[in-house]
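So the structure is just underneath, and the comments pick up after that.
The values are calculated or read from the model by the stated rules, or taken from the named source; none is laboratory data. Just so it is clear, the structure is predicted and the values come from calculations on it, not from any experiment. Here the Cβ positions follow ideal geometry from the backbone for every residue, glycine too, while neighbour counts run over all protein chains shown. SASA here: full protein model, heavy atoms, side chains in, ligands and nucleic acids out. Shrake-Rupley method; radii C 1.70, N 1.55, O 1.52, S 1.80 Å.
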Amino acid sequence: MLVAKVLADNLSPASFFDIFDEEDFLLTDKLIENEFSEEQQIDHPYVEQSIFNRVTLTTSSFYKFEATDVIFNNCDFSNCNLEEAVLLRCEFRNCKMLGLNLNNAYISTCEFENCLMDLASINKVQLKTTHFIETSLKDVGFADNKLTKTTFASCKLNQISTYGTSLKGLDLTSNSFESLEADLASIRGVIVNEQQAAVLAQRYLNLSIKY
């Protein structure tokens, strides 16, 4: 499902680092492709109505990063700091985001599809109408979040830590995990399949399930 409102025909080729030429660190209506950089630092960059293809920005700090109507294809944000980011109608496709810091972010109407997000920090985040599809979220910090119409489909969630995040009504049946790090309050009302129920019962209720 497409969520970003961006018209490829309206975009002009650019470099991400053209953002330094703008007083407000703003890029709009740009096509950015095949760039590699790391260890950059920009406070409060803003990107809108743009497409990023095969862009690598590892171990960089983009504090309060804002993106509206942006598509990221095959990009690498591993070990980046996007703390307090605001992401609106963004699509992340086949992106590598190992160890990404998204703490205290606001994420609305976004999709993460076939992304590698293991070891990421996604804590104290508001997630609204956001979908994780075939994405790996192993060993992710996912605590104290507020979820509204957020879904996970065919994701890898092993050892994800959900303390303080209510999963009530969230359907996890298509996802895989061997263990969740959670408290009873956070998993109350979560929807799971039989195998997942056995895992949770043994872990949190000390029950043994016989088949």
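Just to confirm a number: summing +1 for Lys and Arg and -1 for Asp and Glu over residues other than K138 whose beta-carbon lies under 9 angstrom from that of K138, what do you get?
Numbers: positive: K156; negative: D118, D139.
Cβ neighbours under 9 Å give a net charge of -1.
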Gaussian network model of the chain, Cα within-10 Å springs - most flexible of Q40, Q159, Q126 = Q40
Positive-pole candidate from T68, L88, V190, dipole of the chain, charges at beta carbon | V190
Debye log10 I(q)/I(0) at q = 0.14, 0.18, 0.19 Å⁻¹ for the range 102-141, Cα point scatterers | -0.28, -0.47, -0.53
Accessible surface, the chain, averaged per residue in Å² (probe 1.4 Å) | 49 Å²
Measure nothing fancy, just the Cα-based angle from helix 194-205's long axis to the longest principal axis of the chain, in degrees from 0 to 90, nearest 10.
-> 80 degrees
Just one of (1) 15; (2) 32; (3) 22 is percent of Cα pairs over 31 Å apart calculated from these coordinates, so which is it?
-> (3)
In a shell of Cβ-Cβ distance under 12 Å around K156, excluding K156 itself, what net charge do Lys and Arg (+1) and Asp and Glu (-1) give?
-> -3
Mind checking the range 126-203 for chymotrypsin sites (Phe, Trp or Tyr not before Pro) that DSSP puts in a loop (not H, G, I, E or B) and that have at most 16 other Cβ atoms within 10 Å?
-> Y163
Mind giving me the nanometre distance, one decimal, between the label points for T129 and D21, set 7 Å out from Cα along Cα→Cβ?
-> 3.5 nm
Descending Cα extents along the principal axes, the range 108-203, whole Å = 34, 23, 22
Summarise the accessible area of the chain (1.4 Å probe, protein heavy atoms) by the percent that is carbon and sulfur.
-> 47 percent
Report the residue, chosen from K156, K168, K30, that carries the largest GNM mean-square fluctuation when the chain is represented by alpha-carbon nodes joined by springs under 10 Å.
-> K168
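Just to confirm a number: summing +1 for Lys and Arg and -1 for Asp and Glu over residues other than T129 whose beta-carbon lies under 10 angstrom from that of T129, what do you get? Walk me through the numbers on the way to the answer.
Numbers: positive: R89, K128, K149; negative: E111.
Combined, the nearby Lys, Arg, Asp and Glu give +2.
Would you work out the charge dipole size for the range 1-58 about its Cα centre, treating the Cβ of every Lys and Arg as +1 and the Cβ of every Asp and Glu as -1, and quote it to the nearest 20 debye? Don't skip to the end; give the middle numbers.
Details: 3 positive and 13 negative charges, 78 e Å.
The calculation lands at about 380 debye.
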When the chain is treated as a GNM, springs tying every alpha-carbon pair under 10 Å, which of D183, D24, D118 comes out with the largest mean-square fluctuation?
-> D24
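So how much slack lies between D43 and L11, counting 0.36 nm per residue of separation and subtracting their Cα-Cα distance, in nm?
Computed gain between D43 and L11 is 9.1 nm.
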Inter-label distance, nm, simple model (7 Å from Cα along the C-beta direction), E33/A198 | 5.0 nm
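Would you compute, from DSSP H runs of 4+ residues alone, the mean residue ellipticity of the chain at 222 nm, taking -39500 (n - 2.57) per run and dividing by the full residue count, rounded to the nearest 500? Before the final figure, lay out each step's value.
Numbers: 2 runs with 16 residues, N = 211.
Mean residue ellipticity at 222 nm (helix-derived): -2000 deg cm²/dmol.
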Heads up, I need the accessible area for T151: 1.4 angstrom probe, whole protein in place, Å², nearest 10.
-> 60 Å²
